[in-house]
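Participant: I'd like to ask some things about the structure below.
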Amino acid sequence: MSSHHKEIAFKSFTWIDILNPDKGQIGELSAQYGLDFFQIKDSLEIGHLPKIENYSDYAFIILRAFTGDMTKRQTNINKITNKVAFFVSEKRLITIRRAEFSFFSEYNPECVNVEELLVFLMRKMVQTYNDPIAFLAKKVELLEHTVFVRTNHKISLEDLYYHKAQSRIAKKVLQYSQVVINQIVVRDKFKPGLQDIKDQVLGLIHNSDEVIDDTSNLLNTYLSINAQKSNDVMKLLTVFSAFFLPLTFIVGVYGMNFDNMPELRHEYGYFAVMGFMLIIVIWIYIWFKRRRIL
């Protein structure tokens, strides 16, 4: 992605938007706008988490927006989110970012001051989490339906892992963002808008928590169901073995080719043995029923 530098003049302030700057420009940007060298360096670091640093003449803020592709199995914070660094002062807003965001061109050209534009951009960044978390919740719901309704169908444990991992990353970033947003101070006129952002973040954290809990519960339930199925198979095999083991023993005894076996020459020997075997089967069946095994 090529570097991009744009300055937009409003009535009472200037917005400077810098897209994908080169690390070699750190010193140049620091000197040009009077910014701290290491803060600009933080702006260019790929995996930096949300934070805020307040100074006498400006505030330095980093927030992350969701930019990942939910159809891909991504579990790296750098692949599913991208950050925007804000340098906020009374007469100037500087944004430094690596990714393209459509809402950066949806601002109100009649913004009265920096705070209005800042609140707008923060709201849009928070809203990027709405669809991904809703997508994960829907996926988990479909997996639950497969487990509890379509009991003969198997689910992918790998899918469950990725859903949980993505939800966990989203929640962690939102929690860091919540700490940052709670420290931002704006004029009374923009406090309702800022409070709305705080409410949205809280709701998204709650929703991501639900997805994480649902995936954990679903995994445990699925493993329990599979274990129960294995137990049922073992129980069935045990029951069959209990019935046939004594019968096999009797057949084995009378299948031996010894000459001195009087029962073999008895007129009713065959019927006596068959009757005895039937009695054993009935006795085993009654014993199983009394024990509530069958």
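Derivation of every value follows stated rules applied to the coordinates shown; laboratory data play no part. What you see is a predicted model, and the numbers here were worked out from it, not measured in a lab. In this analysis, Cβ positions are derived from the backbone assuming ideal geometry, glycine residues included, and neighbour counts consider all displayed protein chains.
Participant: For volume of the Cα convex hull per residue in Å³, the choices are (i) 204; (ii) 119; (iii) 249; which was calculated from the structure?
Facilitator: (i)
Participant: Checking the table Lys6/Lys83; Lys83/Lys198; Lys171/Lys229; Lys172/Lys229 against a 26 Å threshold on Cα-Cα, which pairs fail?
Facilitator: Numbers: Lys6/Lys83 18 Å; Lys83/Lys198 18 Å; Lys171/Lys229 35 Å; Lys172/Lys229 37 Å.
Pairs exceeding the cut-off: Lys171/Lys229; Lys172/Lys229.
Participant: Counting pairs of alpha carbon atoms under 8 Å apart in space and at least six apart in sequence, what relative contact order in percent does the stretch 4-227 give?
Facilitator: On the way: 309 pairs, mean separation 44.7, N = 224.
It comes to 20 percent, rounded to a whole number.
Participant: Mind ranking 200-212, 18-30 by how tightly packed they are, going by the mean number of other C-beta atoms within 10 angstrom, highest first?
Facilitator: Details: 200-212: 18.5, 18-30: 14.8.
Highest to lowest by the protection proxy: 200-212, 18-30.
Participant: Say each of His5 and Asp188 gets a label point 7 Å from the Cα, pointing the same way as Cα to Cβ; how far apart are those two points in nm?
Facilitator: Each label point is offset 7 Å from its Cα along the Cβ direction, giving 4.1 nm.
Participant: Would you pull out the residues with amide H under 5 Å of Arg98's amide H, same chain only if 5 or more places away, H placed 1.01 Å from N?
Facilitator: Asn20, Lys83
Participant: Same structure, new question: Please give the net charge around Thr67, taking every other residue with its beta carbon less than 15 angstrom from that of Thr67, where Lys and Arg add +1 and Asp and Glu add -1. Write out the running numbers ahead of the final one.
Facilitator: On the way: positive: Arg64, Lys72, Lys79, Lys83, Arg97, Arg98, Lys124; negative: Asp69, Glu100, Asp131.
Residues near Thr67 contribute +4 overall.
Participant: I've got another one for you. Amide H to amide H, which residues 5 or more places from Thr67 or on other chains are under 5 Å from it, using H placed in the peptide plane?
Facilitator: Under 5 Å from the amide H of Thr67 lie the amide H atoms of Thr81, Asn82, each far enough along the sequence or on another chain.
Participant: Could you list Met125, Met256, Met274, Met70 in order of exposure, starting from the residue whose Cβ has the fewest other Cβ atoms within 10 Å?
Facilitator: On the way: Met125 22, Met256 8, Met274 11, Met70 18.
Sorted ascending by nearby Cβ count, the order is Met256, Met274, Met70, Met125.
Participant: Are there any helices in the chain, counted as whole DSSP H runs, that stretch 30 Å or more along their axis by Cα and score at least 0.0 on average by Kyte-Doolittle, and if so which?
Facilitator: Both cut-offs are met by 191-254, 269-290.
Participant: Simple spin-label model, 7 Å along Cα-to-Cβ: Ile282 to Arg73 in nm?
Facilitator: Taking the two extended label points, one gets 5.8 nm.
Participant: Sorting Ser156, Ser105, Ser43 on the 10 Å Cβ count, fewest up front, what's the list? Please list the in-between numbers first.
Facilitator: On the way: Ser156 11, Ser105 8, Ser43 25.
Listed from fewest to most nearby Cβ atoms, that is Ser105, Ser156, Ser43.
Participant: What's the percent breakdown of Cα-Cα distances in the stretch 51-209 across 5 Å bins, shortest bin first?
Facilitator: Answer for the stretch 51-209: a P(r) of 1, 8, 17, 19, 18, 12, 9, 6, 4, 3, 2, 1, 0 percent.
Participant: Quick one: which of 86-93, 6-13 comes out on top by average Cβ neighbours within 10 Å, and what's the full order, highest first? Intermediate values should be presented prior to the final figure.
Facilitator: Numbers: 86-93: 18.1, 6-13: 13.0.
Sorting 86-93, 6-13 by mean packing, highest first, produces 86-93, 6-13.
Participant: Follow-up. Report the local net charge at Tyr58: Lys and Arg +1, Asp and Glu -1, summed over other residues whose C-beta lies under 15 Å from its C-beta. Can you show the working numbers first?
Facilitator: Numbers: positive: Lys51, Lys91, Arg92; negative: Asp36, Asp42, Glu53, Asp57, Glu90, Glu115.
Summing Lys and Arg as +1 and Asp and Glu as -1 gives -3.
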